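Worksheet for the structure shown next.
The values are calculated or read from the model by the stated rules, or taken from the named source; none is laboratory data. These numbers were taken from a predicted model, which means no experiment stands behind them. Virtual Cβ from ideal backbone geometry, glycine too; neighbours counted across all protein chains shown. Protein only, heavy atoms only, side chains kept; ligands, DNA and RNA dropped before computing areas. Shrake-Rupley method; radii C 1.70, N 1.55, O 1.52, S 1.80 Å.
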Amino acid sequence: MKRSSLSQERRSSGTHPGLRTPLTWPEDKPFRILSIDGGGIRGILPAAILTELEERYLNGRCVGDYFDMITGTSTGGIIALGLSFGKPASTILDLYMQHGSKVFPPAWWNFLRMRSAWRWWRAVQDHRYDPDSLRVLLDSVFGSLTIGNALRRLCIPSFDGFTEVNVFKTPHHFDYRMDWKESMLTVAMATAAAPTYFPVYRSGERMFADGGVWANNPVMIGLVDALVCYQIPRRQVHILSLGTGDTELRFTEGQLLHGGLWDWKEIIMSAMHLQSQNAVGQAGLLIGRDQLIRLNAPTPKGNEKPIDLDDYVRASSELPAVARQLVDNSGDSIRDRFLLAPADPYPPFYGPRLVDPDVI
């Protein structure tokens, strides 16, 4: 099978050849980053955590208003985009809870575990779900808004048809000229086009797939961008990193004895887990682990099965309670570190907010 030919220029062809000129940042002002993992319908967890924070500490105000930068992958990218123009996390959570079953329609039968087998066989041949259900829902949220309309700095990973990493960024640095015209709908669909779940997302001649393939936990994307764009001491950066549920993956007997394709069929889950672990570890080394708060669902114990990325029934019934418990344990620390004063909307170098700073 021939690969699709692409006539447009590679994004990497415009890479800055030297060091980026850093912008000034106040010496006494912390730089607060919110990072949200990918994870399909398990995005209910970070959305519910943020909703709890809004209700307990912010009188319902959008929690995104309290961060200088928001980075998110896949479902986390969708949440990040919504927060970036002032949509409360509670509204985003309602969308997940009320419409998630339309995007990931449950298979109610499970005789002899045939539900799992059927979905696996469908994924072997074709993507599992209709992307139009997701697109219609996201269009109702973002409408005609572009990245340039965002009030918070954004870094949203995807990858493109050249198999190159692609991070959509707001125009918060004068080198970032490319993405401000991108519709938020395009960015949301691009970062969430998870292989086997949805088809590659096409926007004109361009093609995109889920950023979770290489950066399911985007914490280092946000941190590196902050450090190269601004004159910020590393200890001045504070990060709230939200997961969507995780599991410890041990070598199976088949992997130890045989090591074939069948034995490693779930390798993507291992890769996501290890990438996330590495990203948090690197961020902690750079700024100090005490500067980073990481919230995630507890690791499943014994034979307990983790929630699948498309399991709306379990995600909607179990994850809100997990979110409440996590905020019970860490909410006051998050409040003291991130929620005492709102952040200023970033000053853009390009885009519609140059004309009117309040336009969204």
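Laid out as a table, the results:
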read-out	value
Extreme residue, most open to solvent (accessible area, probe 1.4 Å), among residues of the range 13-46 that are farther than 24 Å from Ala283 by Cβ and modelled with pLDDT under 85	Pro17
Residue tally, condition surrounded by fewer than 23 Cβ atoms within 10 Å (Cβ to Cβ) and under 23 Å from Leu309 (Cα atoms), over the range 211-246	4
Some residue of the range 304-316 being in a loop (DSSP other than H, G, I, E, B), in contact with a helix residue (DSSP H, G or I) (Cβ under 6 Å, 6 or more places away or on another chain) and either modelled with pLDDT of 95 or more or of a type in the set (A, V, I, L, M) (or both)	yes
Single residue of the range 308-360 satisfying the filter (of a type in the set (Val, Ile, Thr) and open to solvent by less than 20 Å² (accessible area, probe 1.4 Å)) that is nearest to Arg289 (Cα to Cα)	Ile334
Residue that is more than 29 Å from Leu137 (Cα to Cα) and aliphatic (A, V, I, L, M), where the choices are Leu19, Leu83, Leu45, Leu53	Leu19
Answer residue from the range 157-176, given it is out of contact with any Phe, Trp or Tyr (no Cβ under 8 Å at 6 or more places or on another chain) and part of a loop (DSSP other than H, G, I, E, B) and is modelled with the lowest pLDDT among those	Phe162
Only one of Leu83, Leu138, Leu154, Leu134 that is farther than 25 Å from Thr21 by Cα and modelled with pLDDT of 95 or more	Leu83
Test: residue in the range 266-274 that is at pLDDT below 95, part of a loop (DSSP other than H, G, I, E, B) and surrounded by fewer than 18 Cβ atoms within 10 Å (Cβ to Cβ)	yes
Residue count for the range 159-181, restricted to those that are without any contact (Cβ under 8 Å) to a residue 60 or more places away in the chain, of a type outside the set (Asp, Glu) and surrounded by 20 or more Cβ atoms within 10 Å (Cβ to Cβ)	4
Residue that is least open to solvent (accessible area, probe 1.4 Å) [pool: residues in the range 182-200 that are farther than 14 Å from Asp139 by Cα and polar (S, T, N, Q)]	Thr191
Condition met for Ser116 (at pLDDT below 95 and either under 16 Å from the mean Cα position of the chain (by Cα) or assigned to a helix (DSSP H, G or I) (or both))	yes
Of all residues in the range 285-307 being out of contact with any strand residue (DSSP E or B) (no Cβ under 9 Å at 6 or more places or on another chain) and among the β-branched types (Val, Ile, Thr), the one that is surrounded by the most Cβ atoms within 10 Å (Cβ to Cβ)	Ile307
Some residue of the range 192-205 being of a type outside the set (Gly, Ala, Ser), closer than 25 Å to Arg353 by Cβ and not in a loop (DSSP other than H, G, I, E, B)	no
Filter result for the condition that a residue is closer than 30 Å to Gln236 by Cβ, in contact (Cβ under 8 Å) with a residue 12 or more places away in the chain and out of contact with any Ser or Thr (no Cβ under 7 Å at 6 or more places or on another chain), over Val322, Val327, Val313	Val327
The range 21-38 residues that are in a loop (DSSP other than H, G, I, E, B), paired with ones that are open to solvent by 50 Å² or more (accessible area, probe 1.4 Å) and at pLDDT 95 or above (beta carbon under 7 Å, 6 or more apart)	Pro22/Val228; Pro22/Gln231; Thr24/Gln231; Trp25/Gln231
Residue under evaluation Thr51, criteria (1) open to solvent by 30 Å² or more (accessible area, probe 1.4 Å); (2) part of a helix (DSSP H, G or I); (3) modelled with pLDDT of 95 or more, criterion not met	(1)
Neighbours by Cβ (under 6 Å, 6+ apart or cross-chain): first from the range 223-239, over 13 Å from Arg153 (Cβ atoms); second open to solvent by 10 Å² or more (accessible area, probe 1.4 Å) and part of a helix (DSSP H, G or I)	Arg234/Leu286; His238/Gln291; His238/Arg337
